[in-house]
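Please read the structure below before turning to the comments.
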Amino acid sequence: MSARGRSVLEILMEGHVVSGGGQSIFVTMKFAVLPIAKVFVMCFMGFLMASKYVNILPSNGRKLLNGLVFSLLLPCLIFSQLGRAITFEKLLEWWFIPVNVILATISGSLIGLIVACIIKPPYPYFKFTIIHIGIGNIGNIPLVLIAALCRDKTNPFGDSSQCSQDGNAYISFGQWVGAIVLYTYVFHMLAPPPGRSFDGIDKEESLPTKNPVNVSAPEQLPLLTKEPQTIELDTSKSAKIIGYLCYLAEKFKIKQIFQAPIIASILAIVIGSIPFLKHFILTDNAPLFFFTDSCLILGEAMIPCILLALGGNLVDGPGVGSSRLGFRTTAAIIFARLLLVPPAGLGIVTLADKLGFIPKGDKMFKFVLLLQHTMPTSVLSGAVANLRGCGKEAASILFWVHIFAIFSMSGWIVLYMDLLF
């Protein structure tokens, strides 16, 4: 290539190679900063489209776009990428990915507990502070970063398509654990104080009791014969069993856990692990590959759509939630989530690597594990907070933490690239 056709960045990178065969600082910064820059540009486009000057993405439009992403585009991406990458052998190899998600939750929550004890957030936001420090975005933002990183043909992970497929598969494999954590642990921790709301207003207890008393229940009326009594008792037992199953389903949030992305993950794992089904549906020459190819096409639209929606959501600003939490609590959550949690994650992943829990030579695998500890607060935790009545406060935290994450993620990725390569 002639000097005329080469970029200034390429010339600088060639002239600043670290001694010992390592990568230059410019190469490291390129692969760390450029993906974040791409994310920022697409988010800014969404912000612009949602602003009052353009108003193409109003609030209702963003809600519909979010629904499209989580109900169709993200499941398609997960099913096609995870299903094509996984095998039964890899399923056994990748066991540490869901374990890492749980360890990230535990370590983040412990850091959150320490921070909350130090800053003493206003009542009743003690558990709220722990959760918004401890729960990171293990799905959407890592998928976006992997897509932006692997798009560059000179990326350090090798072939662009293989880089993207492996990265998306590793991230998708951990999402089902994240969903269980969100709708069990997070849902429980964000419960408002007994008999009160997060606004401090007393409210009447309107939740159904476990065994509601019905004064007109048939089993409480005098019965004339023995035969009807047996029928009534059988009916009563069946009703109690059904009621108990419904109670368990509500208690463990089964409906919320089994959302479209989680169902797509389970289908991808099952079909991808069974060779006959994989060669029938997922491989290039499969009879039903047209279905998988359609999912691949739809999945490619997930990244731009979710970034446009995320950028559009920032147009409303932090809202009233900031004033309720206060500057001290808000700043502590941002600082702890972005600067204290990642070093703990780096220690966990480094120890796991030394113990042989990570596949040897698979740098993308290790990079994804590190990303799981580095991301801003989970957007889905905001959805759970909305169910619990503290959605405005969660929206405020999500606004500020995503703004500052642009800078923190760049710094951490520079460090990870230096350690990996």
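Couplings for region 325-330, taken from phi via the Karplus curve 6.51 cos²θ - 1.76 cosθ + 1.60 with θ = phi - 60°, read 7, x, 5, 4, 5, 4 Hz in order; Gly and Pro are left as x.
Highest mean packing comes first when the peptides 186-192, 158-164 are listed by Cβ atoms within 10 Å, giving 186-192, 158-164. Over all directions, the projected convex hull of the C-alpha atoms in region 108-153 averages 4.1 nm² in area.
Looking at region 33-115, the accessible area is 50 square angstrom per residue; that uses a 1.4 Å probe and ignores ligands, DNA and RNA. Here region 357-371 and region 103-143 have alpha carbon centers that stand 24 Å from each other. Working note: Karplus 6.51/-1.76/1.60 with θ = phi - 60° gives region 368-374 the couplings 5, 4, 5, 4, 4, 9, 10 Hz, where Gly and Pro are set to x. Surface composition of region 283-421: carbon and sulfur atoms hold 68% of the protein heavy-atom accessible area at a 1.4 Å probe. Once the 1.4 Å probe is applied to the protein heavy atoms, region 275-325 comes out at 52 Å² accessible per residue.
A simple count of charges around Cys150, restricted to other residues whose Cβ falls under 10 Å of its Cβ and scoring Lys, Arg +1 and Asp, Glu -1, yields -1.
Packing, as the average of other Cβ atoms within 10 Å across residues, places the peptides 41-51, 301-311 in the order 301-311, 41-51, highest first. Annotation: for a label point projected 7 angstrom from Cα along Cα→Cβ of Lys52, residues of region 310-350 with backbone N closer than 14 Å are 315-317.
Length gained on full extension, Ile102 to Ile406: 107.0 nm, using 0.36 nm per residue less the C-alpha separation. The distance between label points at Asn386 and Cys117 comes to 3.5 nm (points 7 Å beyond Cα on the Cα→Cβ vector). Taking amide H positions as modeled 1.01 Å from N, with prolines and chain starts lacking one, the residues under 5 Å from Gly136 and 5 or more places away or on another chain are Ser378. Rounded to the nearest whole Hz, the Karplus-based 3J(HN,Hα) values (6.51 cos²θ - 1.76 cosθ + 1.60, θ = phi - 60°) of region 271-288 follow the sequence 5, x, 7, 9, x, 4, 5, 4, 6, 8, 10, 9, 6, 4, 9, 5, x, 9, with x at glycine and proline. The simple spin-label model puts a point 7 Å past each Cα toward its Cβ; for Asp284 and Ala301 those points are separated by 2.6 nm.
The values are calculated or read from the model by the stated rules, or taken from the named source; none is laboratory data. Everything numeric in this text was worked out from a predicted model, so none of it was measured. Because the Cβ atoms are built from the backbone with ideal geometry, glycine has one as well, and the counts that use them run over all protein chains shown. Note: accessible area is taken over every heavy atom of the protein model, side chains too, but ligands, DNA and RNA are not part of it. Shrake-Rupley method; radii C 1.70, N 1.55, O 1.52, S 1.80 Å.
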